[in-house]
1. Exactly one of (1) open to solvent by 80 Å² or more (accessible area, probe 1.4 Å); (2) at pLDDT below 95 is unmet by R22. Its number?
2. Inside the stretch 36-54, can you point out the residues that are among the charged types (D, E, K, R), within 19 Å of the chain's Cα centre (by Cα) and at pLDDT 95 or above?
3. Condition test on T31, is it of a type outside the set (A, V, I, L, M) and under 16 Å from C8 (Cα atoms)?
4. Here's a check for you: in the stretch 37-70, which residue that is β-branched (V, I, T) and either under 22 Å from I20 (Cβ atoms) or touching a Leu at 6+ places or on another chain (Cβ under 9 Å) (or both) is surrounded by the fewest Cβ atoms within 10 Å (Cβ to Cβ)?
5. Tell me which of these I33 doesn't satisfy, since it passes every other one: (1) hydrophobic (A, V, I, L, M, F, W, C); (2) open to solvent by 80 Å² or more (accessible area, probe 1.4 Å); (3) assigned to a loop (DSSP other than H, G, I, E, B); (4) at pLDDT 95 or above.
6. Could you tell me which numbered condition I42 fails, if it satisfies all but one of (1) out of contact with any Lys or Arg (no Cβ under 6 Å at 6 or more places or on another chain); (2) in a strand (DSSP E or B)?
7. Please tell me if K16 is among the charged types (D, E, K, R) and in a strand (DSSP E or B).
Amino acid sequence: MPYITMECGLLTTEQKENLISRLTLTASEVTGIPQEFFMITIKELPDTNMGFGGKTVERSKREYQKVDNV
């Protein structure tokens, strides 16, 4: 059974359903494995628990919004 995991920020229920559907469909098309065999998990992480460039995602979003509003 193929297993796909996605780690990301917080998502709505609608976003999760769409993501699971599209990941399953795409992986099935690429591999030729029936969709029914795929297991998808989504691990949501708060923006304060992720970072890049030495900053949390939360801080990067705040800084981006300040620049975008100028």
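The values are calculated or read from the model by the stated rules, or taken from the named source; none is laboratory data. Computed from a predicted structure; not experimentally measured. Heads up, the Cβs are rebuilt from the backbone with ideal geometry, glycines too, and the neighbour counts pull from every protein chain shown. Ligands, DNA and RNA are excluded from the accessible area calculation, which covers all protein heavy atoms including side chains. Shrake-Rupley method; radii C 1.70, N 1.55, O 1.52, S 1.80 Å.
1. (2)
2. Within the stretch 36-54, K43, E44 meet the criteria.
3. No.
4. The qualifying residue surrounded by the fewest Cβ atoms within 10 Å (Cβ to Cβ) is T41.
5. The number of the failed condition is (2).
6. For I42, the exception is condition (1).
7. No, not satisfied.
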